[in-house]
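Inspection log for the structure reproduced underneath, given as structure tokens.
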Amino acid sequence: MATVQLNNVCKSYGDRQTVHDINLTIEDREFMVMVGPSGCGKSTTLRMIAGLEEITSGQLLIDGKDVTDAEPQKRDIAMVFQSYALYPHMTAYRNMAFGLLKTTKLSKAEIDARIREAAEILSITDLLDRRPKELSGGERQRVAIGRALVRQPKVFLFDEPLSNLDAKLRNRMRGELKRLHSELGLTVIYVTHDQIEAMTLGTRVAMMSKGHLQQVGAPMDIYMKPTNTFVATFIGSPEMALIPCRADAGRLGHGAFTQDLSLSASLPRDVLIGLRPEEVTLSPTGMARARVERCELIGAEALVEVSLGADRMVVKSPVLGAPAAGEEVGLDFDLDRMRVFDRDTGRALHIGA
């Protein structure tokens, strides 16, 4: 496997810059997930790593070697696409063998051994004689992954590989990818817009927005300690509530509550406080009064949307005793975990424990 290093990597189409000064290092055997909304530049960045898009400026290193201008076949990478990209007239076996036959000098026996080994790992041995039209979506994706595995590249690139699968199959394939990474020690760069995939798969996550890298870190660090309001609201479902408050003389003021602060950092007058649903509890004598707007029962728990004047937030509650729409409830906030953001810039000013 290998390390991948992007140094001030930019991409422009004419006068329009779509990727801005990306500095990111993917360590050997790491599972790096690049996540963000559609159009944020994550797939373009992946395609630059693959050599399918030209790097406008900056430098790309793979295992310390400068491959900024190298042809894709010279980079020792393999890519799995969203569309599977299997040849419809070939069997699964031939699809997995095709790249090796065209680009290597391996013997047929060596190629066969690699295919059989990958098929065993992916549990598709009994599918090798079938054509893509005879396979389910999940089976096609396994074949596409197998085609990448048999090449034994330094780096595996995945471009939203699970987005065409139904929810149940996505869950299963996430588990399979996690297992493959753990058992085979792969270096993986994985692009998705699905924050659940990012949280469950990545050893680290790189958050992107509008072509800029917003934050890089372990999934739970990003979840608990977002550096700005974009990251705070993109990661997590339901998303973090951002409540506008005024900071004055060591107190937070809102129409529904006031609260003393014990922060060492000085704050601007207009701030946002950020709390996740599990950091707010329903309480008869809570620090804030709120009105229940709706209550969704989702199995073992309920998601209760409440309004504090013009502001809304979601609270998690046990199903038994969950309040009904229209009820007035009290709320208690876990202030030790509260984040404070600058209302104008969105930058985090204080991150709770």
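What FRET efficiency comes out for Asp129 versus Ser182 if R0 is 25 angstrom and r is the Cβ-Cβ distance? Round to the nearest 0.05.
Values: r = 30 Å, r/R0 = 1.19.
The formula returns an efficiency of 0.25 here.
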Practice item. Take each complete run of DSSP H in the chain, measure how far its Cα atoms stretch along the helix's own axis, and keep only those covering 15 Å or more with mean Kyte-Doolittle hydropathy at least 0.0; list them. Key: 92-103
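For segment 4-230, what is the relative contact order in percent, using Cα pairs closer than 8 Å and at least 6 residues apart in sequence? Mind showing how you got there, number by number?
Numbers: 410 pairs, mean separation 67.3, N = 227.
Relative contact order comes out at 30 percent.
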Review point. So how strong a dipole does the chain carry about its Cα centre when Lys and Arg Cβ are +1 and Asp and Glu Cβ are -1, to the nearest 20 debye?
Key: 960 debye
Review point. Under 5 Å between amide H atoms, partner at least 5 residues away or on a different chain: which partners does Thr68 have, H built in plane at 1.01 Å?
Key: Leu60
Practice item. Starting from the amide H of Val19, placed 1.01 Å from N in the peptide plane, find each other amide H under 5 Å away whose residue is 5 or more places distant or on another chain. Key: Lys11
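Can you give the extra length, in nm with one decimal, that the chain gains between His20 and Arg337 once fully stretched, where that is 0.36 nm per residue apart less the Cα-Cα distance?
That pair, His20 and Arg337, stretches by 110.9 nm at full extension.
Nearest 0.05, what FRET efficiency do Ser307 and His212 give at R0 = 35 Å with Cβ-Cβ as r?
Between Ser307 and His212 the formula returns 0.60.
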Study note, to complete from the structure: Quick calc: nm separation of the 7 Å Cα→Cβ label points for Met220 and Arg269 -> 4.1 nm
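What does the helix-only formula give at 222 nm for the chain: each DSSP H stretch with n ≥ 4 adding -39500 (n - 2.57), the total divided by the residues, and the result rounded to the nearest 500 deg cm²/dmol? Working shown, then result.
Numbers: 8 runs with 86 residues, N = 353.
Calculated from helices alone, the mean residue ellipticity at 222 nm is -7500 deg cm²/dmol.
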Review point. Once you put a point 7 Å from the Cα of Ile351 and another 7 Å from the Cα of Asp260, both along the Cβ direction, what distance in nm separates them?
Key: 2.8 nm
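For the pairs Lys108/Lys154; Lys74/Lys102; Lys133/Lys168; Lys11/Lys178, note any where the Cα-Cα span goes beyond 19 Å. If you can, show how the numbers build up before the last one.
Details: Lys108/Lys154 22 Å; Lys74/Lys102 14 Å; Lys133/Lys168 21 Å; Lys11/Lys178 31 Å.
Over 19 Å apart, Cα to Cα: Lys108/Lys154; Lys133/Lys168; Lys11/Lys178.
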Practice item. Please compute the Cα-Cα pair-distance distribution of segment 291-332 with 10 Å bins starting at 0, giving whole percents from short to long. Key: 32, 59, 9
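Asn7 to Thr56: extension gain in nm, 0.36 nm per residue of separation minus the Cα-Cα distance? All intermediate terms of the calculation are to be shown ahead of the outcome.
Values: separation 49, 0.36 × 49 = 17.64 nm, distance 1.21 nm.
Answer, rounded to one decimal: 16.4 nm.
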Check your understanding: Mind ordering 170-179, 115-124, 253-262 by average Cβ neighbours within 10 Å, highest first?
Key -> 115-124, 170-179, 253-262
Check your understanding: How would you order 312-319, 270-277, 50-57 from highest to lowest mean count of nearby Cβ atoms within 10 Å?
Key -> 270-277, 312-319, 50-57
Review point. By count of other Cβ within 10 Å, fewest leading, how are Tyr190, Tyr223 ordered?
Key: Tyr223, Tyr190
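Since every read-out is calculated from the coordinates, none of them should be taken as a lab result. Small disclaimer: the values here were computed from a predicted structure and weren't measured. With ideal geometry, Cβ positions are generated from the backbone for all residues, glycine too; neighbour counts draw on all protein chains shown.
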